[in-house]
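A short write-up of the structure that comes next.
Read-outs: derived from the displayed coordinates by stated rules, not from any lab. Fair warning: this is a prediction, and the values are worked out from it, not measured in the lab. Backbone-built Cβ (ideal geometry, glycine too); neighbour counts: all protein chains shown.
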Amino acid sequence: MIEINTEELQNKYWTTFWSENIDDLIEMSKKIGDIIPSRKNSTALYDSLTVKTKEETNQKSLSAKYGEKDFPYHTDGAYLHTPPKFVILRSPKSIENCPTKLCIPHFSEIEIKKMMKDVLLVNGGRGRFYSTLIEKINKDFRIRFDVDCMRPALNEFDTSIKLMNTLIKEAVIEEINWEENQCIIFNNWKLVHSRANATNKFDRVLERIWIK
Ligand SMILES: [Fe+2]
């Protein structure tokens, strides 16, 4: 049975745990919420993420633009009207020197207000719509940040993106150095993540599940 520290997930927005196979992980994920297939017209419940060179991919993905280089910090599924709330990652093997990085930016009240005002156009191939970097949901807020599918609707609105990049630089970064069967679950509305440089890491495989 898979055990998750739900208190830690709630308070720290991420937690690590272990699963020996993807099927158990899928079953556990269904108890947390509905699984969202990440690809258009797909019903796959999980993705296998591999390191690709730019030449190997022609899709509209981060690999297409960055290849093996560092990915910028981002929200998964930022191009969806509602990005997945939780992301689960599992590494079937240990991976050396290629961590996944988690970053929880800290916002002041003024910064939150600023980021709820600047309008950005989201266009990631699932329809174009306007959004802000911080969106209010009930009494809380969620982050939507991905410079590859979001651009300022007006030039002056790029200050939000600059501000977010500054806050990411100032934040404490948690590095996940993957061990065999290690999993993480994180709140995709509250933290942004990235992958370190993965040059020649062609055996790096992460399984990923998105939860509504
Ligand atoms: Fe991602």
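Treating the beta-carbon of each Lys and Arg as +1 and of each Asp and Glu as -1, no other charges, what is the dipole magnitude of the chain about its Cα centre, to the nearest 20 debye?
Using only the charged Cβ atoms, the result is roughly 940 debye.
Please identify the GluC sites (Glu not before Pro) of the range 4-45 that satisfy two criteria: DSSP loop assignment and at most 16 other Cβ atoms within 10 Å. Which are they?
The qualifying sites are Glu20.
For Lys69 and Ala44, compute 0.36 nm times the residue count separating them, minus their Cα-Cα distance, and round to one decimal in nm.
The Lys69-Ala44 span can extend by a further 6.3 nm.
What distance in nm lies between label points placed 7 Å from Cα along the C-beta direction at Asn165 and Lys136?
Here the modelled spin labels are 2.9 nm apart.
As a test of the formula, what do you get for the chain when each DSSP H run with n ≥ 4 contributes -39,500 (n - 2.57) and the sum is divided by the residue count, at 222 nm and rounded to the nearest 500 deg cm²/dmol?
Theoretical 222 nm ellipticity from helices: -6000 deg cm²/dmol.
Anyone know which of Arg142, Arg126, Arg151 comes out most mobile in the 10 Å Cα GNM of the chain?
Result for the chain, Cα springs under 10 Å: Arg126 fluctuates most.
Starting from 0.36 nm per residue, how many nanometres of slack lie between Ser108 and Val205 once their C-alpha separation is accounted for?
Using 0.36 nm per residue and subtracting the Cα-Cα distance, I get 31.2 nm.
Each residue of the range 148-164 in turn: what ³J(HN,Hα) in whole Hz from Karplus with 6.51, -1.76, 1.60 and θ = phi - 60°, glycine and Pro shown as x?
Rounded to whole hertz, the list is 7, 10, 10, 9, x, 5, 10, 3, 5, 7, 6, 5, 4, 5, 4, 4, 4.
Counting only the backbone N, which residues of the range 65-91 are under 12 Å from the spot 7 Å out from the Cα of Glu56 toward its beta-carbon?
The answer is 67-69, whose backbone nitrogens lie closer than 12 Å to the label point.
Take every Cα-Cα pair in the range 59-212 and report what % of them are more than 22 Å apart.
So the pairs more than 22 Å apart make up 41 percent of the total in the range 59-212.
Return the single residue from Gly127, Gly77, Gly33 with maximal mean-square fluctuation; model: Gaussian network over the chain, springs between Cα atoms under 10 Å.
The residue that fluctuates most here is Gly127.
Where a Cα-Cα gap under 17 Å defines reach, which lysines qualify for Lys30, not counting those fewer than 8 residues away within the same chain?
Lys30 reaches Lys85, Lys212.
Once you've got the GNM for the chain with C-alpha springs shorter than 10 Å, pick whichever of Tyr73, Tyr130, Tyr13 has the biggest mean-square fluctuation.
Judging by the Gaussian network model, the answer is Tyr130.
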